Every structure is written in structure tokens, then in C-alpha cells.
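*Asks:* Encoded as C-alpha cells, here's the structure I'll be asking about.
Where a number appears in this text, it was derived from the coordinates with a stated rule and is not lab data. Here the structure is a predicted model, which is why all the values come from computation and not from measurement. As a convention, Cβ positions derive from the backbone with ideal geometry for all residues, glycine included, and neighbour counts pool all protein chains shown.
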Amino acid sequence: MTPTAPPSRFPGARFVRDFIHALTDEATYDVRRNPSLWVGFVLAIPIPVLTWAAGAPLWLRLLTLPAPVVWGALLGAAGRIGILAQERSERLEAEVQRVADEKRATEEHLVQETDRRQSLETEKEDLVSELKLAQAIQATLIPAPIQRPDVEVVSQVVPTRFIGGDYIHAHVVDDRWLYLVLLDVSGHGISAAMVVARMHGMVRRLTFTKQRPVKMLQLLNEAAQQLLRHTYFFLTAVIARLDLKTGNLNYATAGHPAQILLRRDGSMEELRTNNRLLGMDDDIFSPDEPFKNVILAPGDSLVLFTDGLFELLKDGDGEVLGEDGLRDRIAGLGSLPPTLLVGEVLQDLANYQGSSTFEDDVTMLVARYLGPDASASANENKP
């Protein structure tokens, strides 16, 4: 900030400074711009005329000869001061007007921005309300826990946003066939959730008609090709059908990571077929082994999940957990009930990344097969 000059102790000092400056200013002697100059000159002409006409002493007459010039200079300097004061006043008024105009424009802009912000806030609130409603609707697609004498199923879906692209289905048909379906739509958010909603109806219809997993994959692929035409979306899938009477598990996967079979003795087996992604090609099946069968013993648990469960970055160094890291964390948890197993894994993964918020949709399902003997014993114990 420029320091302000201290006030003078002599009244009128500023005028004296301005007056002296005006006397040395070339603009003061510009007759066209400063009419006070010639006005002073004209008004002072009678002084030498009168002294000469009155026969005043020679020294006085000589002294009064430059009077018009002196008075012209004095009045010209005074007029110049007035002109400068007027110019300063006009500049000040212009500056005041400019500031006022800017203030008014700023106030108008502020009002417009406030209205715009309020409008955006209203739109945001409406959008959040719609997304919460969509979230509530999508939550109805998550299967309820299954608690039966022969099988227990617990699932958990954690979308990275309000709604996500992971789909999970668990249903027992004819009191014998347990169908487990996981679909993972590429991408996140509303578009992926819309694909999930379209697939849900078809998955339910196929399970109620007791289709084999490989047939379900074929029909879902055809539907995905129609639905995802002209898009970059695709789906990965795992479909399993467990015969609750025999423990035979028939399953097929398509582009999905290897799932886990936790044996009751603590060992683990990978469940995967080499079928390709859904929605990309007509023929997605591996020619040598499009589906597989495995026998479950009482106490064995199926752990099904999407890739969001292991594509996590470690808090601190950013190391990716990976499939091997996930298997290491699941190993030894086979003795836990499904509810505790799911909770233990999700908590462990949250601790790994240092946050309970996941960057990708996370879906996990645990189904523990208890065997037909457990079902029979439960029926015998009924009164």
C-alpha cells in the first residue's frame, strides 16, 4: 500500500503547491484549453492604460506595463487548477460510477449464481432421492438368506455407488435344486444396474424351469447380445446347480474369476470353466469342458464372489490383493457359519485397504451344504 503523505501544518499549502505547479505547466498557457489566461490578460489591460493616461510617474507606468501578462498568468494558473480539479472530480465520479456498475453487476451475478446453485441443489436432491429409490428397488433383487436343514445360504452386495452392476440370485426349486447365479456387468452405476434389472427376470424364469447351468449361460448370452448390442458392455457369470439330495454340484462359468470350494477338512478347490464373456460372441463355450461337476460333502461351503472382492489396493503401499491374496484370507474359515464367514472376509478386506468403501461393486455369497442326512434328521425330530 502506498503511504499517505502527512498533512501540512500550513493551511492552503496544497493550493500553493498546485498554484506553483500550474505556473510551470505548459498547458496553463494554452489559450484554447485555458480561457482564464486571456480573461486575466484582457481584464488587466486597463491598468497600464490608466496609469499612462493619468500621467503617473514613469517608474509606475513602466511597472504596470507587464500587468496584463502577470494577471493573465495568475488567472491562467488559477483556471488551470480549476480545470485539474474538475478533471479529478470527473475521474472520481467515473470511478465511483464504474465501481457502482461493477457492484451492481456483481450483485446481479451473485443472485444468478445463487439461483443456479439452488436449482442445482434441488436437482441434486431429486437425483439422490431417485437413486435411493433405485437402490431400494435393486435391494429387493438380493436374495434373502436361506436357512434349511440341508443348506444355508448368505449373500452380501456392496455397490460402489447407490446402485451397481453386480447381480446375485439364490433359490431352491422343487425342494431339491439350489440355484446360485452371479453376474458381473462391466461398468458401474445406472447403466450397469439397468442391465442387471433386465437379466433378473430371465434368470428367475430359467431357474424355475430347472435349466442346466450350461443352457442358462447359452440363453443369457443370447439375451446379452441383444441387450448390449452397439455398446461396450459385457458380463461375466457363474451359474451353479446343487442337488440337495446327492450333493452333486453342476456349474459353469463365463469369463468369471475362479470361485472357491471350502472343504470341511480345510482344503480348498477352485471352480472355473474356460467359457468366454457373455454378450461378446455367439459361441462362448470351451470345446473341451463347457461345464463341470463336483460332489459336495456335508459341511463343505461354496464361496462365490465378483472381482471387486480382490481388486483392492493395500492401504499405504498400494499393493493389489489379487486372487491369491483373497484365497489366503478365506483359507481356514470353512468352519465358520456362512454369516460369520461373509462378515469376517469383508471386515478383513476393509482393514486391508483402510476403508469400508470399495472402489468396485463387491458381491459375496456363501452356501454351506449340510447334506440330506441333516434334512432327514430335522424332519424326524419334528413333533
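*Asks:* Computed over the Cα atoms of region 13-114, what is the ratio Rg over Rh, Rh following Kirkwood?
*Replies:* With Rg and the Kirkwood Rh in hand, the quotient comes to 1.38.
*Asks:* Here is a follow-up. Using only Cα atoms, tell me the angle between helix 189-208 and the longest principal axis of the chain; keep it within 0 to 90° and round to the nearest 10.
*Replies:* That works out to roughly 10 degrees.
*Asks:* For residue 103, go through the aspartates and glutamates and keep the ones whose alpha-carbon is under 19 Å away, minus same-chain ones fewer than eight residues off.
*Replies:* Straight-line reach from residue 103, under 19 Å: 93, 95, 113, 115.
*Asks:* To continue, here is another question. Nearest 10 degrees, 0 to 90: what angle lies between the long axis of helix 338-353 and the longest principal axis of the chain (Cα atoms)?
*Replies:* Tilt of helix 338-353: around 30 degrees.
*Asks:* About the Cα centre, and with charges only on the beta carbon of Lys, Arg (+1) and Asp, Glu (-1), how big is the dipole of region 146-380? Nearest 20 debye, please. Walk me through the intermediate numbers first.
*Replies:* On the way: 21 positive and 32 negative charges, 190 e Å.
The calculation lands at about 920 debye.
*Asks:* If you only keep lysine pairs separated by 8 or more in sequence, or across chains, how many in region 146-380 come under 30 Å at the Cα atoms? Spell out each step's value before the answer.
*Replies:* On the way: 210/245; 210/292; 215/245; 215/292; 245/292.
Qualifying lysine pairs in region 146-380: 5.
*Asks:* Under the Kirkwood approximation applied to all pairs of distinct alpha-carbon atoms, what is the hydrodynamic radius of region 146-380 in Å? Walk me through the numbers before you get to the answer.
*Replies:* Working: mean 1/r = 0.0553 Å⁻¹.
Kirkwood hydrodynamic radius for region 146-380: 18.1 Å.
*Asks:* Follow-up. Rank-order 196-202, 258-264 by packing density, defined as the average count of other C-beta atoms within 10 Å over each peptide's residues, highest first.
*Replies:* Working: 196-202: 16.9, 258-264: 18.4.
Ranked from most to least packed, the peptides come out as 258-264, 196-202.
*Asks:* Report, in debye and to the nearest 20, how large the dipole of region 295-340 comes out about its Cα centre when Lys and Arg carry +1 and Asp and Glu carry -1 on their Cβ.
*Replies:* Details: 3 positive and 9 negative charges, 53 e Å.
Around 260 debye, computed over region 295-340.
*Asks:* While we're looking at this one, here's another question. Using only C-alpha atoms and all pairs of different ones, pull out the Kirkwood radius for region 170-231 in Å with one decimal. Walk me through the numbers on the way to the answer.
*Replies:* Values: mean 1/r = 0.0798 Å⁻¹.
Hydrodynamic radius (Kirkwood, Cα pairs) of region 170-231 is 12.5 Å.
*Asks:* Can you tell which of 29, 247, 308 lies farthest toward the positive end of the dipole of the chain, using +1 and -1 charges on the Cβ of basic and acidic side chains (Lys, Arg; Asp, Glu)?
*Replies:* Positive-most Cα among the choices belongs to 29.
*Asks:* Quick check: the angle from helix 67-139's long axis to the longest principal axis of the chain, C-alpha only, nearest 10 degrees?
*Replies:* Once rounded, one gets 10 degrees.
*Asks:* Let me ask something else about it. Per the helix-only calculation at 222 nm, which mean residue ellipticity applies to the chain, given -39500 (n - 2.57) for every DSSP H run of n ≥ 4 and division by its residues, nearest 500 deg cm²/dmol?
*Replies:* Working: 10 runs with 177 residues, N = 383.
Calculated from helices alone, the mean residue ellipticity at 222 nm is -15500 deg cm²/dmol.
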